[in-house]
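Below is one structure, written out as structure tokens; the observations come after it.
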Amino acid sequence: MKIVYLDSATVGETPMDGIAELGELVCWPESTPEEALERVRDCNVLIVNKVLVTRALLDAAPELRLVCEAATGVNNIDLEACRERNIPVRNVAGYSTDSVVQTTFMHILSLMGNAPYFDNTVKNGTYSKGTLFTDVSRPYIEIKGKRIGIVGMGAIGTGVARVAEAFGMEVVYYSTSGTGHCKEWPSISLGELMSTSDVISIHAPYNERTAGLIGAGELAMMKPSAIIVNMGRGGIVDEAALAEVIDNDLIGGAALDVFTREPLPGDSPLLRTRHPEKLRFTPHTAWASTEALTRLVNCIADNIRSEMGL
């Protein structure tokens, strides 16, 4: 059995022994659409993360028996075309929940605690040259007692809510599906969430209900001291509108792990704001802790075993 991974660079140096023991594993760090057509010609199991699995790709792989998505979302795969060919598609869910929750609070605590400023004050010698034992020029904000508004109360949103409660925060949420299924915390309208929350934390998928959900109008509702964190998907927050409110010092700050275009273009307005100290970025890595990557690879191996009868 030949197993082809078309974009293995997305899991870095994570050991893939569990997959390799199931057959002949061929890993390509990256694949263009043209390269992919050649690389799948004799494969039985295809693993992808962002590579598009199109009808043309499927036609180029006559021996293909299984497509494994090295992630949760399968929007890069033509599911109808796979069904027509009786090729099962298996994804991996839940492997990165704890990692995303942790990254969410890394950003929240950094923004509300002025972490980079204080770190730099010590490292650049300013603290050493001073006469006081402390630096109270920028008092930080306690998160206890503050309201966190969570957009999307799925597994990750629920994890964020539980950690927020441990910090003593008040939790409310907005259901992007409109169901308000979670009864543990109050479900409120998006407008109320935007205008009353001290922290807005986005953990929703990108779909027709969430595309452009947080635009200029919604950002204008925020408290001047409030921060917004997007760990969901790029395109949910209007990046140009966010850059403008940061430029005009209208909100407390923002943190993004996901972007409308990835990698983030070098000419993005987010990279040229007048207040970069109000922004925190990670390059779509909230999902990618060492433990999450290991779980992901192990789950892919389990999916192959299950579907191929091994």
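Could you size up the charge dipole of the range 166-310 around its Cα centre, putting +1 on the beta carbon of Lys and Arg and -1 on that of Asp and Glu, and report it in debye to the nearest 20?
160
How are the Cα pair distances of the chain distributed, in percent, across 20 Å bins from 0?
Spelled out per bin, shortest first, that is 30, 50, 20, 1.
Please report the accessible area of residue 275 (heavy atoms, 1.4 Å probe, ligands and nucleic acids excluded) in Å², nearest 10.
50
Determine how many Å³ per residue the convex hull of the Cα atoms of the range 70-194 encloses.
168
Sorted by accessible area (1.4 Å probe), largest first, how do 118, 105 line up?
Final ranking, largest accessible area leading: 118, 105.
Considering the options 134, 23, 82, tell which one lies farthest towards the positive end of the dipole of the chain, charges being +1 on Lys and Arg and -1 on Asp and Glu at the Cβ, about the Cα centre.
Of the options given, the answer is 134.
Give the ranking of 48, 136 by solvent-accessible surface, highest area first, calculated with a 1.4 Å probe.
136, 48
For a quick check of your reading of the filter: which GluC sites (Glu not before Pro) in the range 155-246 sit in a DSSP loop and have no more than 15 other Cβ atoms within 10 Å?
184, 208
What aspartates and glutamates could a cross-link reach from residue 146, if we take a straight Cα to Cα line under 20 Å and drop same-chain neighbours fewer than 8 places away?
Those aspartates and glutamates meeting the cut-off are 165, 170, 184, 192, 198, 218.
HN-Hα J couplings of the range 158-168 from phi, Karplus 6.51/-1.76/1.60, θ = phi - 60°, integer Hz, Gly and Pro as x?
With coefficients 6.51, -1.76 and 1.60, one gets 5, x, 5, 4, 5, 5, 4, 5, 5, 7, x Hz.
Leaving ligands, DNA and RNA out of it, report the carbon-plus-sulfur percent of the accessible area of the range 149-198 at a 1.4 Å probe.
Heavy-atom surface of the range 149-198 belonging to carbon and sulfur, 1.4 Å probe: 55 percent.
Over the chain, what is the relative contact order in percent, taking alpha-carbon pairs closer than 8 angstrom and at least six residues apart?
17
Could you order 195, 268, 128 so the one with the most accessible surface comes first? Probe is 1.4 Å.
In descending accessible area the options line up as 128, 195, 268.
Determine the per residue accessible area of the range 162-285 with all protein chains present and a 1.4 angstrom probe, expressed in square angstrom.
45
Expressed as a whole percentage, what fraction of the accessible surface of the range 31-72 belongs to carbon and sulfur atoms when a 1.4 Å probe is rolled over the protein heavy atoms?
Carbon with sulfur: 54 percent of the solvent-accessible area.
Please state the charge dipole magnitude for the range 38-96, taken about the Cα centre, from unit charges on C-beta atoms (+1 on K and R, -1 on D and E), reported in debye and rounded to the nearest 20.
120
The values are calculated or read from the model by the stated rules, or taken from the named source; none is laboratory data. Note that this is a predicted model, so its numbers are computed, not measured. Glycine gets a Cβ as well: all are built from the backbone with ideal geometry, and neighbour counts include every protein chain shown. Heavy atoms of the whole protein, side chains included, go into the accessibility calculation; ligands, DNA and RNA do not. Shrake-Rupley method; radii C 1.70, N 1.55, O 1.52, S 1.80 Å.
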